[in-house]
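S.K.: Take this structure, written in structure tokens, and hold onto it; I'll ask about it next.
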Amino acid sequence: MLSKRLIICLDVRDKKVTKGVKFQGNVDIGDPVEMAAQYYEDGVDELVFYDITASAEGRPIDIEMVAEVARTIFIPFSVGGGIRNVDDMRRALLAGAEKISVNSLAVKNPDIIREGARAFGNQCVVLGMDAKFVGVSEKFPSGYEIVVRGGRTPTGNDALAWAKQAEDLGAGEICLNSIDADGTKEGYELNLTRMISENVSIPVIASGGAGHPDHIVDVLTQGRADAALIASMVHYGDYTCRGIKDYVAARGVRMRAVAL
């Protein structure tokens with residue numbers, strides 16, 4: 001059995017890490033490079049950076065930030081936001097990112113998943129999925145719809161069908177975010193996470209809703225996720241990476257060891 005991973009997400013806006021609830025009311029927290037170094041020293045397994053305004057502003061991802069992060073930490077990290085094509089993927093990878101996350105772009109142009117996987121390998125392509133509960137229907141048999149633009153724009157895509165399609169296209173991993181739980185600190189959306197995890201063969205990262213280490217235990221066991229993504233828990237100083245990993249491991253979940 002593979003060890004589970006703890007991943008921290010840093011949403012970046014105007015070169016500052018920002019955090020909101022359900023993609024609204026964002027406040028700036030700190031410098032992304034400094035925070036990356038802090039979390040690296042504290043034992044996080046991976047980091048995720050989203051340039052959350054790049055796409056809306058019609059600009060590419062902040063490559064200078066990607067390169068600076070790569071010079072500062074020595075663990076895998078992925079980036080997303082402002083990725084428009086394979087050339088943008090290549091620039092981010094050459095700057096030091098290990099993985100590229102595509103979300104709205106993949107919904108608009110699913111072939112970008114196949115093109116990225118062919119160019120750089122499946123392991124470099126992460127599908128970011130923002131899903132919202134809409135109720136089970138003929139159109140949405142899973143009960144969840146894929147949304148974009150911070151949950152403001154419905155796509156008409158069923159979450160489970162989209163996850164399976166992305167895997168077939170070559171995605172090497174799925175980062176699954178629940179819009180309903182995002183930033184609430186009330187726990188992950190276990191039903192959604194379990195459904196996706198049990199129906200694809202690629203790793204699933206659970207995102208949205210972590211507020212206590214027990215939530216991480218639940219999503220890695222009941223939700224069958226391969227990794228748990230957190231933000232608010234550590235951004236506001238409530239917990240440390242080492243403390244979370246020790247807590248989760250003490251409850252029987254095999255976690256990646258923290259380097260001394």
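The values are calculated or read from the model by the stated rules, or taken from the named source; none is laboratory data. Being a predicted model, the structure only gives us computed values, none of them experimental. When we count neighbours, we look across all protein chains shown, and the Cβ atoms used for this are built from the backbone with ideal geometry, even at glycine.
S.K.: Go through the stretch 139-154 and give me each residue that's within 17 Å of the chain's Cα centre (by Cα), surrounded by fewer than 21 Cβ atoms within 10 Å (Cβ to Cβ) and not small (G, A, S). I'd like the intermediate steps shown before the answer.
M.R.: Of all residues in the stretch 139-154, those within 17 Å of the chain's Cα centre (by Cα) come to 146-151.
Still in the list and also surrounded by fewer than 21 Cβ atoms within 10 Å (Cβ to Cβ): 148-151.
V148, R149, listed by residue number.
S.K.: State all residues of the stretch 169-189 that are within 13 Å of A210 (Cβ to Cβ) and among the acidic types (D, E); if no residue qualifies, say none.
M.R.: Selection gives D182, E186, E189.
S.K.: For the stretch 11-27: of the residues being assigned to a strand (DSSP E or B) and touching a Ser or Thr at 6+ places or on another chain (Cβ under 9 Å), which is modelled with the lowest pLDDT? Let's see the steps before the verdict.
M.R.: Step one: filter the stretch 11-27 for residues assigned to a strand (DSSP E or B), giving 11-13, 16-21, 24-27.
Imposing the further condition that a residue be touching a Ser or Thr at 6+ places or on another chain (Cβ under 9 Å) reduces the set to 11-13, 19, 21, 26-27.
Details: D11: 90, V12: 90, R13: 85, K19: 69, V21: 56, N26: 62, V27: 66.
For the stretch 11-27, the residue satisfying everything is V21.
S.K.: Quick test of your reading of the structure: S55 fulfils all but one of (1) at pLDDT 95 or above; (2) over 18 Å from I174 (Cβ atoms); (3) of a type outside the set (D, E, K, R). Name the failing condition by number.
M.R.: (1)
S.K.: Would it be correct to say that V136 is surrounded by fewer than 24 Cβ atoms within 10 Å (Cβ to Cβ), of a type outside the set (D, E, K, R) and part of a helix (DSSP H, G or I)?
M.R.: Working: surrounded by fewer than 24 Cβ atoms within 10 Å (Cβ to Cβ): yes; of a type outside the set (D, E, K, R): yes; part of a helix (DSSP H, G or I): no.
Against the criterion (surrounded by fewer than 24 Cβ atoms within 10 Å (Cβ to Cβ), of a type outside the set (D, E, K, R) and part of a helix (DSSP H, G or I)), V136 does not qualify.
S.K.: May I pose another question? So which of A56, A92, A36, A70 is buried (at least 21 other Cβ atoms within 10 Å of the Cβ), small (G, A, S) and over 22 Å from A166 (Cα atoms)?
M.R.: On the way: A56 fails: buried (at least 21 other Cβ atoms within 10 Å of the Cβ); A92 fails: over 22 Å from A166 (Cα atoms); A70 fails: buried (at least 21 other Cβ atoms within 10 Å of the Cβ).
Only one candidate qualifies: A36.
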